[in-house]
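> Structure below; questions to follow.
The values are calculated or read from the model by the stated rules, or taken from the named source; none is laboratory data. Because the structure is a prediction, the values reported are computed rather than measured. Heads up, the Cβs are rebuilt from the backbone with ideal geometry, glycines too, and the neighbour counts pull from every protein chain shown. Surface accessibility is based on the protein's heavy atoms, side chains included, excluding ligands, DNA and RNA. Shrake-Rupley method; radii C 1.70, N 1.55, O 1.52, S 1.80 Å.
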Amino acid sequence: ENVPQAGFNLALVASWDVNKNVHLRFLPGLSFQDRSLEYRFLKNGESDLKVRRTESVYLDFPLALKLRTDRVGNFAAYALLGGKLSKDMQSQEETNQQLQSDFILRLESGNSSFDIGAGMDFFLPFFKFSVEGKFELGGRNILIQDESRYSAPLESLQTRSFILSFLFEG
């Protein structure tokens, strides 16, 4: 059973204005994510609960197309479409299970995803403040199937996230 976990990311915003309503954005950054999976193993008719947490620090390279409405006063709404390549800097992909005291859930270090979302721009006197929500849908199975007691019950693991972002642009 997947137990949702919170995370956060820090990124820089680079934007190329194709025209006043279409912007191509590149937001490289670091993303700190936790995953938690609960396993229930039956032993002598009793359920044994085990929790496996994996912590990841991703180096993200997202590219998004921002489609914005015309500005009305100090407000504009927008839609986002894009993709992202990520590299887990804390991956245990190369870890040897035989050298561990307990089996770990090993995940691949590389990941890719498709992003779709919407947001609002607020134009303030000295900067632009934006609030956006987007869904991240992973395109790859990041589970390393090594037939351990934690990976064997799983067919695949893919990223499925909701991301709430607050952006400050000068």
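> Among the aspartates and glutamates, which have Cα under 20 Å from the Cα of Lys43 when same-chain residues fewer than 8 positions away are ignored?
Glu1, Asp102, Glu147
> Here's something else I'd like to know. With every protein chain present, what is the per residue accessible area of the chain (1.4 Å probe, Å²)? Please list the in-between numbers first.
Values: 10470 Å² over 170 residues.
In whole numbers, the chain has 62 Å² accessible per residue.
> Enumerate the aspartates and glutamates that Lys128 could reach by cross-link, defined here as Cα to Cα under 12 Å, with residues fewer than 8 away along the same chain left out.
Of all the aspartates and glutamates, those that pass the test against Lys128 - Cα under 12 Å, at least 8 places apart if same chain - are Glu169.
> Can you list the aspartates and glutamates whose alpha carbon sits under 13 Å from that of Lys84, skipping same-chain ones fewer than 8 residues off?
Excluding near neighbours in sequence, the set is Asp60, Asp115, Glu136.
> Counting only protein chains, not ligands or nucleic acids, how are Arg160, Arg106 ordered by accessible area (probe 1.4 Å), most first? Working shown, then result.
On the way: Arg160 145, Arg106 40 Å².
Of Arg160, Arg106, the descending order of accessible area is Arg160, Arg106.
> Which whole-Hz couplings ³J(HN,Hα) result when phi for each residue of the range 49-64 is put into the Karplus expression 6.51 cos²θ - 1.76 cosθ + 1.60, θ = phi - 60°, listed in order with x for Gly and Pro?
Per residue, the Karplus-derived 3J(HN,Hα) values read 8, 10, 10, 10, 10, 10, 10, 10, 10, 9, 9, 9, 10, x, 10, 9 Hz.
> Moving on to the next point. Within 9 Å, Cβ to Cβ, of Val22, how many net charges do the neighbouring residues add up to if Lys/Arg are +1 and Asp/Glu are -1?
Working: positive: Lys20, Lys66, Arg68; negative: Asp17.
Cβ neighbours under 9 Å give a net charge of +2.
> Sticking with this structure for a sec: Please identify, among Gly119, Gly133, Gly73, the residue showing maximal mean-square fluctuation in a Gaussian network model of the chain using a 10 angstrom Cα cutoff.
Between Gly119, Gly133, Gly73, it is Gly73 that shows the largest mean-square fluctuation.
> For semi-axes √(5λ) of the Cα gyration tensor in Å, which listed value, (1) 26, 16, 14; (2) 31, 18, 14; (3) 39, 16, 13, comes from the coordinates shown?
Calculated semi-axes √(5λ) of the Cα gyration tensor in Å: the matching label is (3).
> Ignoring any ligand, DNA or RNA, what whole percent of the accessible area of the range 39-170 comes from carbon and sulfur when the probe is 1.4 angstrom?
Numbers: 4590 of 7980 Å².
Roughly 58 percent of what the probe reaches on the range 39-170 is carbon or sulfur.
> Still on this structure: Cut-off 10 angstrom, C-alpha nodes, Gaussian network model of the chain. Which of Leu143, Leu107, Leu49 fluctuates the most?
Taking springs between Cα atoms under 10 Å, the residue moving most is Leu49.
> Which value, in Å² and to the nearest 10, is the accessible area of Arg149 when all protein chains are kept and the probe is 1.4 Å?
The value for Arg149 is about 100 Å².
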